[in-house]
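Report on the structure given below.
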C-alpha cells in the first residue's frame with residue numbers, strides 16, 4: 001500500500017521514514033560516509049525547498065512498517081515548471097526485488113504527468129543498485145560528478161598545503177552565519193548575478209534568478225530544517241565593500257561531523273587573483289574556530305568543472321566516489 005505523508009508528517013511517519021533511509025545507507029554506502037541525521041531527514045520532510053513543493057510517498061507493509069520511500073520536488077518557479085527533481089527513492093534492503101521501487105516510481109511518474117512535467121532528474125552514486133534501477137526506467141547520466149572530501153585537521157596542519165594565501169591590497173574578509181546581514185545584502189545579491197548566467201549543459205532545470213529575497217529564503221531554509229549556514233566573503237574596500245568572492249558551508253544538524261560545501265564564486269572582474277582558494281582557506285579556519293567538532297567537508301563537483309577541481313585539489317579535497325545527475329523525459 002502506498003500512502004502520502006501528512007503535511008507536516010507525524011513523528012511516527014518521520015521515524016518510519018528514517019528507518020528506511022538508515023537501513024539503506026548502511027547497505028549502499030561506504031562505512032566512512034556518515035549516516036544522515038534524523039534532524040536532516042525530519043527537516044526535509046517538514047520544510048519544502050525554496051522555489052518548489054514536495055511530495056512524500058511511502059510503501060507500507062501489512063504490519064505498518066515502511067518498506068520504501070520517495071520524495072519528489074516539483075519546481076514552482078516559472079522557468080522550471082516543466083521539470084522536477086526526484087530527491088529520494090529508496091527501498092529497505094530486506095524488501096528489495098519485490099516491486100516496491102517500481103510501485104513508487106509508477107506513482108511518482110503519474111504525479112509528474114498529471115502536473116504537466118516533461119522531465120525529471122535525480123542524483124545517484126555510480127555503480128550501485130540505484131543506477132541499475134533508473135537505467136531500467138530510461139534515465140541517462142547527463143552530468144557526471146565526483147564526490148570529494150576534505151579532512152579539516154589535515155588541511156589546517158598544512159599537510160600538504162602551503163601557507164595561507166594573502167589577499168591582494170584593498171580586499172578584506174568578512175564572515176556571517178545564517179541570513180546575510182542587511183548592510184551586505186545588496187552587495188551579496190550582486191555577487192550572485194553570475195550564477196543566473198550559468199549554462200547547465202543537458203540539464204532541463206534552469207538556474208533561478210538570485211534576488212535578495214531568494215538568497216535570504218535559501219539561508220532561512222537551512223535554519224528551518226535544523227542546520228546552520230556559514231558564509232565567508234571577500235570585500236573590495238575600494239568599491240564600497242562590494243562582495244567580489246564568497247563561499248558557503250552548511251551543517252545539516254548540530255551533532256554532524258561532516259559539513260557540506262555549497263557555492264563558491266568569484267565575480268568575473270576579480271578572477272585569476274587566487275581569491276577562490278583564499279576565501280575557502282579562510283572560511284575553513286573560521287569554521288574550525290566556530291565548530292571544532294566538524295572533521296570533514298564534502299562537496300560535489302561536475303567532472304568538467306576544471307577550475308573548481310583545481311582549487312579544491314590545492315585545498316586538500318580528494319575524490320571519494322563517483323556520481324551523476326540522471327534525467328529522463330516523460
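The values are calculated or read from the model by the stated rules, or taken from the named source; none is laboratory data. The structure displayed is predicted, hence computed values, not measured ones. Positions of Cβ are backbone-derived with ideal geometry, glycine not excepted, and every protein chain shown enters the neighbour counts.
Numbers for the structure displayed
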{"quantity": "For residue 222: the one exception among (1) in contact with a strand residue (DSSP E or B) (Cβ under 6 Å, 6 or more places away or on another chain); (2) part of a helix (DSSP H, G or I); (3) modelled with pLDDT under 95", "calculated": "(3)"}
{"quantity": "Boolean, residue 235 is at pLDDT 95 or above, under 20 Å from residue 37 (Cα atoms) and surrounded by 15 or more Cβ atoms within 10 Å (Cβ to Cβ)", "calculated": "no"}
{"quantity": "From the options 244, 260, 249, residue that is surrounded by 15 or more Cβ atoms within 10 Å (Cβ to Cβ) and either assigned to a loop (DSSP other than H, G, I, E, B) or touching a residue at least 60 places away in the same chain (Cβ under 8 Å) (or both)", "calculated": "244"}
{"quantity": "Residue match in region 107-115 (condition: part of a helix (DSSP H, G or I), under 22 Å from the mean Cα position of the chain (by Cα) and buried (at least 18 other Cβ atoms within 10 Å of the Cβ))", "calculated": "yes"}
{"quantity": "Some residue of region 296-308 being part of a helix (DSSP H, G or I) and within 17 Å of the chain's Cα centre (by Cα)", "calculated": "yes"}
{"quantity": "Residues within region 34-60 that are touching a strand residue (DSSP E or B) at 6+ places or on another chain (Cβ under 8 Å) and free of Cβ contacts under 8 Å to residues at least 40 places away in the same chain, tallied", "calculated": "4"}
{"quantity": "Test: residue in region 14-29 that is under 25 Å from residue 318 (Cα atoms), touching a strand residue (DSSP E or B) at 6+ places or on another chain (Cβ under 9 Å) and assigned to a loop (DSSP other than H, G, I, E, B)", "calculated": "yes"}
{"quantity": "Residue match in region 64-81 (condition: farther than 22 Å from residue 209 by Cα and more than 26 Å from the chain's Cα centre (by Cα))", "calculated": "yes"}
{"quantity": "Qualifying residues in region 1-13 (those that are outside any helix (DSSP H, G or I) and touching a residue at least 12 places away in the same chain (Cβ under 8 Å)) - the one surrounded by the fewest Cβ atoms within 10 Å (Cβ to Cβ)", "calculated": "1"}
{"quantity": "Boolean, residue 16 is closer than 20 Å to residue 251 by Cα and in contact (Cβ under 8 Å) with a residue 40 or more places away in the chain", "calculated": "no"}
{"quantity": "Selection status of residue 278, in a helix (DSSP H, G or I), more than 16 Å from residue 149 (Cα to Cα) and outside the structural domain of residue 84 (by TED's automatic domain parsing)", "calculated": "yes"}
{"quantity": "First in region 71-85 and not assigned by TED's automatic domain parsing to the domain that holds residue 51, second anywhere and surrounded by 14 or more Cβ atoms within 10 Å (Cβ to Cβ) and at pLDDT 95 or above, Cβ under 9 Å, 6 or more apart", "calculated": "none"}
{"quantity": "Test: residue in region 180-191 that is surrounded by 14 or more Cβ atoms within 10 Å (Cβ to Cβ), touching a strand residue (DSSP E or B) at 6+ places or on another chain (Cβ under 6 Å), within 25 Å of residue 298 (Cα to Cα) and not assigned by TED's automatic domain parsing to the domain that holds residue 73", "calculated": "yes"}
